Amino acid sequence: GEAGRYNRANRSLAHFVETSLPLMMAVPLAGFVFPRSTFVIVVLLTLGRIAHMMGYVMKGYGGHSPGFAVVSLCCAILDGMLLCATLRVAHAFS
């Protein structure tokens, strides 16, 4: 019912808050080295987070899976971009 939708919306918002701080730190660092790629990842991440929230609220548990998959993939790609940037800087100073 409505109470369940409200609770799921709050839970999805809590997931967003939990993951937002690492993203706020990763996006500028990756964007400095890979600006266009980071922009695309952030757009996809935003769409995935919206799909996560809408799926969780409208369909319940399991409805958030497509959005969660997109968000997880984008975070993994962003982490890989940070690793590449770190290795590039480490190689430049060695």
**Asked** Which listed residue (Phe39, Phe16, Ile50) has the Cα farthest towards the positive end of the charge dipole for the chain, taking +1 on Lys and Arg C-beta and -1 on Asp and Glu C-beta about the Cα centre?
**Response** Ile50
**Carbon/sulfur fraction of accessible area - the chain, other protein chains in place, 1.4 Å, %** = 74
**Request:** Compare Met25, Met53 by solvent-accessible area with a 1.4 Å probe and give them largest first, with all protein chains kept in place.
**Result:** Met25, Met53
**Message:** Suppose all protein chains stay in the model; what accessible area per residue would a 1.4 Å probe give for the chain, in Å²?
**Reply:** 69
**Asked** Could you give the length gained on full extension between Leu47 and Val89, defined as 0.36 nm per residue of separation minus the Cα-Cα distance, in nm?
**Response** 12.0 nm
**Message:** Run the simple label-point estimate for Leu13 and Val40 please: 7 Å along Cα→C-beta, distance reported in nm.
**Reply:** 3.4
**Request:** Note down the nm distance, to one decimal, between modelled labels 7 Å out along Cα→Cβ at Leu29 and at Met58.
**Result:** 3.6
**Fill in**
Heads up, region 2-57 by the C-alpha gyration tensor (a ≥ b ≥ c square roots of eigenvalues; a/c under 1.5 rounded, else a/b over b/c prolate, else oblate) looks oblate
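The values are calculated or read from the model by the stated rules, or taken from the named source; none is laboratory data. None of these values were measured; they are calculated from a predicted model. Neighbour counts run over all protein chains shown; Cβ positions are idealised from the backbone, glycine included. Side chains are part of the model used for accessible areas, which takes the heavy atoms of the whole protein and leaves out ligands, DNA and RNA. Shrake-Rupley method; radii C 1.70, N 1.55, O 1.52, S 1.80 Å.
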